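First up is the structure itself, then whatever we jot down about it.
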Amino acid sequence: MGSRAVLNHQQQRDVPVAGAAKQKIIAPGGGNNRRALGDIGNLVNVRGVVGIEGKALPANRPVTRSFVAQLLSKAQTAEEAANLKKQIPAIPDGAVAKRVVSKGVAVQKNRRPLGDIGNLKVAVKAKQEVVIEDGGPVMEETKKEKSKSHHKSSKKKKVITMSSVLDARSKAAQGGIADKPKESIIDIDGPDADNHLAAVEYVDDLYKFYKLTESSSQVHDYMHLQDQINGLMRMILVDWLIEVHNKFELTPETLYLTIHIVDRYLAMNLVIRRELQLVGISAMLIASKYEEIWAPEVNDFVCISDKAYNREQILAMEKAILGKLGWTLTVPTPYHFLVRFVKAAVADKEMENMTFFLAELGLMQYSMIKYCPSMLAASAVYAAQCTLKKTPLWNDTLKLHTGFAEAQLIECAKELVSFHSAAPEHKLRVVYRKYSSSERSVVALLPPANNLLA
């Protein structure tokens with residue numbers, strides 16, 4: 001908005017205007033030679049100012065470049081607004097249209113003086129949105145513009161980047177893996193849902209507890225602490241204990257607990273050679289009392305040892321062993337894991353006997369104490385699978401319940417297969433003869449899995 005100069009009353013005069021309207025016009029003169037502003041929006045003539053009724057008034061103000069630029073910009077703005085009105089298509093009578101015009105106005109960085117705000121015409125980009133009701137026609141121009149824009153976008157060249165190539169390759173690789181059929185995990189406890197002795201509700205928690213506690217009760221290398229016994233003597237003792245266990249027809253739990261008690265006691269106490277067999281029969285007496293319903297009596301062990309030890313010696317050694325072990329007998333042995341893992345393998349009778357055959361061969365070897373009970377049991381299952389050529393050798397069900405992948409079992413399984421390969425020629429053949437009977441599917445006579453050794 002322009003500002004008026006303060007003039008004397010003598011410098012002002014009334015000028016008649018058409019329609020009996022009077023307008024005060026400032027006469028030229030004074031210090032600034034200023035005059036009343038007209039409708040700037042209607043100024044078209046650059047050199048002269050358009051006055052009343054289209055007549056150009058004499059330009060008393062000097063025309064500068066900036067003033068000419070302002071006039072030109074306003075004229076262009078007026079022309080753009082007029083062209084915009086012409087471009088808006090007419091809406092047919094049968095169609096009900098809604099016109100949406102954006103309210104935003106672009107703000108120019110180069111600001112210019114404002115004129116008569118009421119008459120300024122600002123260029124506004126209008127957006128049209130036509131809503132057709134009652135089955136009216138659709139605007140053809142909108143369709144053409146959309147088709148043109150789609151045609152232009154389709155012509156754009158696709159830029160291939162390294163990241164897009166790598167992404168495509170990874171998706172292809174994932175797709176190839178996804179195409180392979182997923183192995184289903186078998187619910188091995190489902191058939192025992194009605195068997196209260198199976199403890200289906202607690203079995204998973206029990207084996208989680210066994211996995212957590214097996215390391216605390218595991219026996220480590222101790223033979224270097226013994227002066228009069230060695231690994232071969234231990235093997236002879238275990239071979240004899242397996243034969244005694246078989247004659248007494250004791251449960252498998254008793255055998256595995258007996259060997260565990262022997263190793264734990266030898267790891268904590270020095271034993272002379274002549275008392276090694278006494279430690280063995282006393283350990284079996286303790287395990288029988290813990291696991292069996294009808295445990296053998298002390299006199300039975302006196303007789304089975306050919307009276308090498310009397311009753312008092314056996315009871316004294318029993319007391320010494322329990323004192324050293326702190327009466328802690330509830331420990332996870334390989335048998336606890338064997339039962340679970342054989343069930344996870346959905347094994348038949350032959351597979352079950354082969355697994356226990358390999359596990360008992362491992363019990364005899366002192367070098368196998370370096371493996372935890374769950375590792376020995378899982379490796380026995382894997383070696384049995386390889387011996388009987390089962391497919392697949394290892395699946396998701398076994399991996400879930402054992403907690404071991406196939407690669408983790410290779411080393412231990414190779415040792416078990418080597419014991420099987422040497423069993424027919426070995427001097428200590430109690431385990432070999434035990435599993436050569438028809439009651440145990442003559443699994444000891446089957447050829448070992450030499451491909452695993454290769």
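The values are calculated or read from the model by the stated rules, or taken from the named source; none is laboratory data. Everything numeric here is computed off the predicted structure, so don't read it as measured data. When we count neighbours, we look across all protein chains shown, and the Cβ atoms used for this are built from the backbone with ideal geometry, even at glycine. Areas reflect the complete protein model, heavy atoms only, side chains present, ligands, DNA and RNA absent. Shrake-Rupley method; radii C 1.70, N 1.55, O 1.52, S 1.80 Å.
The residue list 341, 357, 337 contains one member that is open to solvent by less than 20 Å² (accessible area, probe 1.4 Å), within 21 Å of residue 237 (Cα to Cα) and in a helix (DSSP H, G or I), which is 357. Please find, within the stretch 258-301, the residue that is most open to solvent (accessible area, probe 1.4 Å) out of those that are among the aromatic types (Phe, Trp, Tyr) and farther than 17 Å from residue 325 by Cβ. Checked the stretch 258-301; the qualifying residue most open to solvent (accessible area, probe 1.4 Å) is 294.
Are any of the residues in the stretch 263-271 outside any helix (DSSP H, G or I), at negative phi and not assigned by the TED database to the domain that holds residue 300? Checking the stretch 263-271: not a single residue is outside any helix (DSSP H, G or I), at negative phi and not assigned by the TED database to the domain that holds residue 300. On the stretch given as the stretch 188-232, residues that are over 28 Å from the mean Cα position of the chain (by Cα), open to solvent by less than 70 Å² (accessible area, probe 1.4 Å) and of a type in the set (D, E, K, R) total 2. Which residues, taken from the stretch 311-326, are under 23 Å from residue 249 (Cα atoms) and surrounded by fewer than 12 Cβ atoms within 10 Å (Cβ to Cβ)? Across the stretch 311-326, there are no qualifying residues. When each of 404, 419 is tested for being assigned to a loop (DSSP other than H, G, I, E, B) and surrounded by 14 or more Cβ atoms within 10 Å (Cβ to Cβ), the lone residue that passes is 404. Just one of the listed residues (367, 438) is under 22 Å from residue 213 (Cα atoms), at pLDDT below 95 and open to solvent by 50 Å² or more (accessible area, probe 1.4 Å), namely 367. Taking the stretch 388-401 as the range and being within 20 Å of residue 335 (Cβ to Cβ) and open to solvent by 10 Å² or more (accessible area, probe 1.4 Å) as the test, only 401 passes. Considering every residue within the stretch 379-398, establish whether at least one is in contact with a Cys (Cβ under 6 Å, 6 or more places away or on another chain) and modelled with pLDDT of 95 or more. For the stretch 379-398, residues in contact with a Cys (Cβ under 6 Å, 6 or more places away or on another chain) and modelled with pLDDT of 95 or more: present.
Please work out which one of (1) in contact with a helix residue (DSSP H, G or I) (Cβ under 9 Å, 6 or more places away or on another chain); (2) part of a helix (DSSP H, G or I) is the condition residue 309 fails and give its number. Evaluating residue 309 over (1) in contact with a helix residue (DSSP H, G or I) (Cβ under 9 Å, 6 or more places away or on another chain); (2) part of a helix (DSSP H, G or I) leaves (2) as the failure.
Taken together, the criteria exclude residue 297 from residues that are among the charged types (D, E, K, R), at negative phi and touching a Leu at 6+ places or on another chain (Cβ under 8 Å). If you check 276, 212, 255 for being in contact with a His (Cβ under 7 Å, 6 or more places away or on another chain) and either in a helix (DSSP H, G or I) or in contact (Cβ under 8 Å) with a residue 24 or more places away in the chain (or both), only one passes: 255. So is residue 382 out of contact with any His (no Cβ under 6 Å at 6 or more places or on another chain) and surrounded by fewer than 24 Cβ atoms within 10 Å (Cβ to Cβ) or not? No. Going through the stretch 279-305 one residue at a time, which ones are within 18 Å of residue 329 (Cα to Cα), part of a helix (DSSP H, G or I) and of a type outside the set (Ser, Thr, Tyr)? Scanning the stretch 279-305 gives 279, 280, 281, 283, 284, 285, 286, 287, 289, 291.
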